[in-house]
Amino acid sequence: MTDSEFLHLVRLNLVNAAILDRLAQVEPFAPQVHLVAGALFQTVWNVQSGQAPQAGIRDYDLFYWNPDTSYEAEDAVIGRAADLFSDLSVRIEVRNQARVHLWFREKYGLSRPPLTSARDGVLQFLVECTCVGIDAAGKLYAPYGLHDLAAGVLRPNPLNHTPELYAAKAHDYHQRWPWLREAQTQSGETGPQPG
């Protein structure tokens, strides 16, 4: 799958298209803003499965990075984004990636080092092929490429070694798209199996 093919599939989800068309309006108050994660790869898997592009997408995640790690600053960005996207009638999750290390331990029981950019946040997703984001200029960030995503191959992200969280995520994905499969390990065995 090429970058342009991926971007075409992502825009078949009309919510993604609307968000991406307005993302440049978000960047002045949310530097490095990217539409990331499930809104992108789930749309692709839905289309590949013959489902509606928006099927089962629970929320649309926007990552940005601002050195102001105060709750108030992030809350102000969340409010402005809510106003900008209010007509879409979907849940938009906006998160300053500079703040992740402040709340991650409480939420997941694990510590994380501070992230230095929005793309650092994308790079940390549990499943390698889901590490995708599109910035306000429409540029795709896919640090592991698009081959596994297009082929439905799941593998743990070595930068986020949390086997239990990975297994739960892979299981959820496999329930929704049964054709997904685990990557082969170097020994020829598959990785953790969903279910």
Take Phe6 and tell me if it is open to solvent by less than 60 Å² (accessible area, probe 1.4 Å), within 19 Å of Leu146 (Cβ to Cβ) and of a type outside the set (Ser, Thr, Tyr).
yes
Could you tell me whether Asp148 is among the acidic types (Asp, Glu), assigned to a helix (DSSP H, G or I) and either modelled with pLDDT under 95 or open to solvent by less than 40 Å² (accessible area, probe 1.4 Å) (or both)?
yes
Name the residue that is surrounded by the most Cβ atoms within 10 Å (Cβ to Cβ), counting only residues in the stretch 26-49 that are of a type in the set (S, T, N, Q) and in contact with a helix residue (DSSP H, G or I) (Cβ under 6 Å, 6 or more places away or on another chain).
Thr43
Please identify the pairs in which a residue from the stretch 77-104 that is more than 20 Å from Leu40 (Cα to Cα) and part of a helix (DSSP H, G or I) has its Cβ atom under 8 Å from the Cβ atom of a residue that is open to solvent by 40 Å² or more (accessible area, probe 1.4 Å) and among the acidic types (Asp, Glu), counting only partners at least 6 apart or on another chain.
Ala98/Asp68
Just checking, does the stretch 57-67 include any residue being in contact with a Phe, Trp or Tyr (Cβ under 7 Å, 6 or more places away or on another chain) and open to solvent by 30 Å² or more (accessible area, probe 1.4 Å)?
no
Output for the stretch 97-126, where each listed residue is surrounded by 14 or more Cβ atoms within 10 Å (Cβ to Cβ) and either on the phi > 0 side of the Ramachandran plot or not aliphatic (A, V, I, L, M) (or both)
Gln97, Arg99, His101, Phe104, Arg112, Ser117, Arg119, Asp120, Gly121, Gln124, Phe125
Taking the stated definitions as given, is Leu159 in contact with a helix residue (DSSP H, G or I) (Cβ under 7 Å, 6 or more places away or on another chain), open to solvent by 10 Å² or more (accessible area, probe 1.4 Å) and modelled with pLDDT under 95?
yes
Failed item in (1) buried (at least 16 other Cβ atoms within 10 Å of the Cβ); (2) modelled with pLDDT under 95; (3) closer than 21 Å to Tyr71 by Cβ; (4) touching a Phe, Trp or Tyr at 6+ places or on another chain (Cβ under 9 Å), with Val94 passing the rest:
(2)
Cβ pairs under 6 Å, 6+ apart or interchain, first in the stretch 17-43 and within 22 Å of Ala98 (Cβ to Cβ), second open to solvent by 20 Å² or more (accessible area, probe 1.4 Å) and aromatic (Phe, Trp, Tyr), ordered by first then second residue, are Gln32/Trp65; His34/Phe63; Val36/Phe63
Which condition from (1) over 13 Å from the mean Cα position of the chain (by Cα); (2) open to solvent by 40 Å² or more (accessible area, probe 1.4 Å) is the one that Ala17 breaks?
(2)
Taking the stretch 127-137 as the search range and keeping residues that are open to solvent by less than 30 Å² (accessible area, probe 1.4 Å) and aliphatic (A, V, I, L, M), which one is farthest from Gln42 (Cα to Cα)?
Ala136
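The values are calculated or read from the model by the stated rules, or taken from the named source; none is laboratory data. Predicted model only: the values in this text are computed from it and were never measured. Here Cβ is always computed from backbone atoms with ideal geometry, including for glycine, and neighbour counts include all displayed protein chains. What goes into the accessible areas is simple: the full protein's heavy atoms, side chains included, and nothing from ligands, DNA or RNA. Shrake-Rupley method; radii C 1.70, N 1.55, O 1.52, S 1.80 Å.
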